Ligand SMILES: [Zn+2]
């Protein structure tokens with residue numbers, strides 16, 4: 001079973017699985033490379049950071065202009081209307097038994113706002129990903 005099929009066929013399995021890993025993933029800290037890029041950004045040597053990382057650690061290190069090619073696990077996106085949510089809030093709701101977490105606006109299923117295997121064309125409200 002791929003991550004895509006877990007997510008789209010039975011999103012409850014994705015959230016059940018992720019609830020165990022989320023605290024560890026969320027407690028990750030930037031490494032020296034993240035801080036070096038942020039310092040180069042602050043000093044004006046970079047116009048931005050282009051990354052495939054989905055962990056948000058460039059933001060934590062202080063980089064400002066970040067292009068996340070594969071999205072971010074710090075957000076969830078409604079599969080129906082594209083509304084974005086903070087993943088901390090979504091995982092808290094899942095942990096409180098709302099599994100899968102649903103959009104407050106349209107009751108669509110919320111998916112991590114990162115590219116999953118076989119998934120590449122979601123749109124956020126007003127912008128292409
Ligand atoms: Zn929605």
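Bear in mind these aren't lab numbers, they're just calculated from the coordinates by the rules spelled out. None of these values were measured; they are calculated from a predicted model. Note that we place each Cβ from the backbone using ideal geometry, even for glycine, and neighbour counts take in every protein chain shown.
Diffusion of segment 3-128 by Stokes-Einstein, at 37 °C in a medium of 0.692 mPa s and with Rh set to the Kirkwood radius over alpha-carbon pairs, works out to 212 µm²/s. Label separation (residue 26 vs residue 106): 2.6 nm, computed from points 7 Å beyond Cα along the C-beta direction.
Fewest first, what order do 78, 106 take by the number of other Cβ atoms within 10 Å?
Placing the least packed residue first, the sequence is 106, 78.
Simple spin-label estimate for residue 12 and residue 92 gives 2.4 nm between the two label positions (7 Å along the Cα-to-Cβ direction from each Cα).
Most tightly packed first, judged by the mean number of other beta-carbon atoms within 10 Å of their residues, the peptides 55-62, 33-40, 18-25 read 55-62, 33-40, 18-25.
How high is the relative contact order of segment 9-108, in percent, counting Cα pairs under 8 Å that sit 6 or more residues apart? Write down the numbers at each step before the final one.
On the way: 119 pairs, mean separation 25.0, N = 100.
About 25 percent, as a whole number.
Placing R0 at 22 angstrom, the Cβ-Cβ distance between residue 36 and residue 69 gives a FRET efficiency of 0.65 after rounding to 0.05. Put in line by how crowded their Cβ is, counting other Cβ atoms within 10 Å and starting with the fewest, 66, 77, 50 read 50, 66, 77. Taking the fewest neighbouring Cβ atoms within 10 Å as the starting point, the ordered list for 85, 17, 67 is 67, 17, 85.
Checking the a/c ratio against 1.5 first, then a/b against b/c, what shape does the Cα gyration tensor give for segment 63-109?
Working: a/c = 2.86, a/b = 1.63, b/c = 1.75.
Verdict is oblate for segment 63-109.
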